[in-house]
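J.: Got a structure for you, questions after.
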């Protein structure tokens, strides 16, 4: 090119100089790989003139490390190309895994991480299933023990009943009445056991549905491998909390069984003291105290006495937005509670709240608004004389809907 110096006042050219060309100033090289890494193209773009683009096909070389029984293999691809005498290179790594058929397959590190997450989720699911089976076995063993104790008590009662009532027909009638009451109590207990089993089945179905949603969410967010790891840890903590709640429930049931046994012993002692041998059978049964002579409070607490004892303060173990527009709330089991009342709202003061009543320890809240923050609380209740007696509200949980 030419550079010209010009005097404007005199209107003349003073000097003309030759100027060397600046040349190209290329930016960062761009390597375009095919999916199977068999081809690669190098592209350079000039920083001074982005319309000037240089391209060249690369030479590909590969170093492979085959997979073993305990570790995946690796394929390292190197692309080299020269433009204007300058050599450029790029490296891409692929993971080599063994398929179920025994062949090998190459995949990106992200795909390999996704497969690893799926394997970990399967292992976690198997562990949860094993824990559920162990808890079911423990419950069955507890029921068998309670049945054996009840049979022993019934056998002892039958012996005492036969010895004390064999000389009077009215005593036999009283024994028949007691047998009928025992049968009705057994029917009530069987019905309660059935309702409990149905509740546990519904809880298991809800857990299975939640696990399926969690798996779908993990597949959708495969790129966020760290999030999937944190979620698996959270689910493990939830399983631990469920096991602790089951242990607490078992201890509570054993305490209630002990209290019932003590109440029965007290009732038997009161009944023996109230027996008067000199009274005729038609006036007073020899083994059943009359209503006027038997204090009902010594056998079984009345409903009004029970009503003053409220359930303990409820607790939310966890509340997570694990699926689209959904929050899964995991509750701590409260001893003696018949159910739980859950409320959620967009306001801290719970204005415009929505309420759910449930007997399950895992509750799903659906159709929530994305990017909104919800406030959640829960309280336990028990039913006394057909009315609900509520415990204190739990600490409020705050959950932001990101999915």
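J.: Taking the condition over 31 Å from the mean Cα position of the chain (by Cα) and over 23 Å from residue 266 (Cβ atoms), does residue 161 pass? Walk me through it before giving the result.
T.: Working: over 31 Å from the mean Cα position of the chain (by Cα): yes; over 23 Å from residue 266 (Cβ atoms): no.
Judged against the criteria, residue 161 is not a match.
J.: Please determine, by comparing only the residues of the range 90-100 that are touching a strand residue (DSSP E or B) at 6+ places or on another chain (Cβ under 7 Å) and either assigned to a loop (DSSP other than H, G, I, E, B) or surrounded by fewer than 15 Cβ atoms within 10 Å (Cβ to Cβ) (or both), which one is modelled with the highest pLDDT.
T.: 91
J.: Okay, moving on. Kindly indicate which of 167, 151 is surrounded by 10 or more Cβ atoms within 10 Å (Cβ to Cβ) and in a helix (DSSP H, G or I).
T.: None of the others qualify; the one that does is 151.
J.: Further question: Take residues that are in contact with a strand residue (DSSP E or B) (Cβ under 8 Å, 6 or more places away or on another chain) and at pLDDT 85 or above and tell me which of the strands (runs of 3 or more DSSP E) falling wholly in the range 3-49 contain 2 or more.
T.: The strands (runs of 3 or more DSSP E) meeting that bar are 30-33, 40-45.
J.: Let me ask something else about it. Please go through the range 55-72 and give me each residue that is within 16 Å of residue 89 (Cβ to Cβ) and assigned to a loop (DSSP other than H, G, I, E, B), ordered by number.
T.: Within the range 55-72, 58 is the sole residue that qualifies.
J.: I've got another one for you. Being at pLDDT below 75, surrounded by 14 or more Cβ atoms within 10 Å (Cβ to Cβ), touching a helix residue (DSSP H, G or I) at 6+ places or on another chain (Cβ under 7 Å) and more than 30 Å from residue 264 (Cα to Cα) is the requirement here; does residue 131 meet it?
T.: Judged against the criteria, residue 131 is not a match.
J.: A further question on this structure: Name the single residue, out of those in the range 319-336 being surrounded by fewer than 19 Cβ atoms within 10 Å (Cβ to Cβ) and under 23 Å from residue 387 (Cα atoms), that is nearest to the chain's Cα centre (by Cα).
T.: Only one residue tops the list, namely 335.
J.: Turning to a different aspect of this structure: Restricting attention to the range 339-386, and to residues there that are touching a helix residue (DSSP H, G or I) at 6+ places or on another chain (Cβ under 8 Å) and not in a strand (DSSP E or B), which single residue is surrounded by the fewest Cβ atoms within 10 Å (Cβ to Cβ)?
T.: 385
J.: Among 138, 126, which is the only one that is part of a helix (DSSP H, G or I), over 30 Å from residue 258 (Cβ atoms) and modelled with pLDDT of 90 or more? If you could, list the steps in order and put the result at the bottom.
T.: Details: 138 fails: over 30 Å from residue 258 (Cβ atoms).
Within the list 138, 126, the selection yields 126.
J.: Output the number of residues of the range 101-116 satisfying the condition of being under 17 Å from residue 70 (Cα atoms) and either modelled with pLDDT of 75 or more or in a loop (DSSP other than H, G, I, E, B) (or both).
T.: Residues meeting the conditions: 6.
The values are calculated or read from the model by the stated rules, or taken from the named source; none is laboratory data. Owing to the predicted nature of the structure, the values given are computational and were not obtained by experimental measurement. Don't worry about glycine lacking a Cβ; one is built from the backbone with ideal geometry, like all the others, and counts go over all protein chains shown.
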